[in-house]
Amino acid sequence: MGSLNQIAQRFEKAASFVFVYLAEAHASDEWPINQLDNEIPRHQTIGDRRAAAESLVRAFPLHQAFEVVLDTMEDAFNHEFASWPFRFWIIVDGRVALKPLPQASTYDVNELGRWLETYVSTRSSK
């Protein structure tokens, strides 16, 4: 997550960064991949989801600009934005301004940095 942290550090004054922890993508009791050091079962409570998010942030520290929030147990955020298992968005004035598409089953987080660079330079020139 170094690239995300670098982007957050660079643009923390220009944007809000929110990390939404969703349902576990490869829950050990639902869709295991048996290649993880830390197997996480499907979240039964919001406390389970909170513990999993805290574990992730300990393993992959996020820049202080990130606010970490949890999706509801009904997966409201994921149903609205189809973010599973990983996606990033830019929302400006309540509208989706950037919704990258995966390429070869992954995302280029540098696309986020490029978009922010253009947005910040455009706004500062006005």
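A short reminder: the numbers here are calculations on the coordinates, not readings from a lab. All of these numbers come straight from a predicted model, not from anything done at the bench. Heads up, the Cβs are rebuilt from the backbone with ideal geometry, glycines too, and the neighbour counts pull from every protein chain shown.
Putting +1 on Lys and Arg Cβ atoms and -1 on Asp and Glu Cβ atoms, find which of Phe17, His43, Val120 reaches farthest to the positive end of the dipole of the chain.
Value: Val120.
Check Val68: other-chain or 5+ apart residues with amide H under 5 Å from its amide H, H built from backbone geometry?
Phe19
Just need the relative contact order of the stretch 2-124 here, percent rounded to a whole number, with Cα pairs under 8 Å and 6+ apart.
Here the relative contact order equals 27 percent.
Given contacts defined as C-alpha pairs under 8 Å and at least six residues apart, what's the relative contact order of the stretch 77-126, whole-number percent?
Over the stretch 77-126, the number comes to 22 percent.
Highest mean first, what order results for 62-68, 76-82 on Cβ atoms within 10 Å?
Packing proxy ranking, top to bottom: 62-68, 76-82.
Quick one: of the DSSP bridges fully inside the chain, what percent are antiparallel, nearest 5?
45
Would you mind checking which residues have amide H under 5 Å from Leu98's amide H? H placed 1.01 Å from N; only 5 or more apart, or other chain.
Ile90
Could you give me the ³J(HN,Hα) list for the stretch 17-26, computed from phi with Karplus coefficients 6.51, -1.76, 1.60 and θ = phi - 60°, whole Hz, x at Gly and Pro?
Working through the residues one at a time gives 10, 10, 9, 9, 7, 9, 4, 4, 5, 10 Hz.
Order the peptides 14-23, 88-97 from the highest to the lowest mean number of other Cβ atoms within 10 Å of their residues.
14-23, 88-97
What's the magnitude of the charge dipole for the stretch 2-124 around its Cα centre, counting Lys and Arg as +1 and Asp and Glu as -1 at the beta-carbon? Answer in Debye, nearest 20.
Using only the charged Cβ atoms, the result is roughly 580 debye.
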